[in-house]
Amino acid sequence: MKTIDNVSKFNSKRNLNIDYLTSKLVTNNKYFIVPAPTYEVIEKNIYVLLKNSTIKDLNRKYYMKPHYLSYDEYGTTIFDYLLMYINGVQSMEDFIIDKVIIPSLDSIISISTSSLRNKIDMESVRW
């Protein structure tokens, strides 16, 4: 069973990569892997993310733990940097805010795949 403890242990063994370029979103059928969005992709699509977001009160259990919030909202810890960026938070220690903006997973996948389409020929993928 996938838990935040297992995901955190797995991520702690990986080499540090500030843009999380090795992080992937895998579809349920495991045929298509989408890279998690980089800061450049997030910046270009910031208004798409904001338009497709909800604003919630930040529970105290998530103070200084954006990776926990990412796991509870999306089922993965790879969007902690996205949550910090979209909320204007510079570091995990500053992740103590009253309201938090949470982009929808559909909008995150949409911006990730739109940037991917420009780089590869989708017709060459064999299913």
* Taking 0.36 nm per intervening residue step and subtracting the Cα-Cα distance, what contour gain separates Tyr63 from Glu43 on full extension? -> 4.8 nm
* **Residues in region 64-100 reached by a label modelled at Asn6 [backbone nitrogen below 16 Å; 7 Å Cα→Cβ]** => 71-72, 75-78
* Asked: What's the exposure ranking of Tyr71, Tyr39, going from fewest to most Cβ atoms within 10 Å?
  -> Tyr39, Tyr71
* Which whole-Hz ³J(HN,Hα) couplings does region 64-78 yield from phi under the Karplus relation 6.51 cos²θ - 1.76 cosθ + 1.60, θ = phi - 60°, glycine and proline marked x? -> 6, 9, x, 5, 5, 5, 4, 5, 5, 7, 10, x, 8, 8, 6
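Values quoted throughout were computed directly from the atomic coordinates according to the rules given, and no laboratory measurement underlies them. Just so it is clear, the structure is predicted and the values come from calculations on it, not from any experiment. Cβ atoms come from the backbone with ideal geometry, glycine included; neighbour counts cover every protein chain shown.
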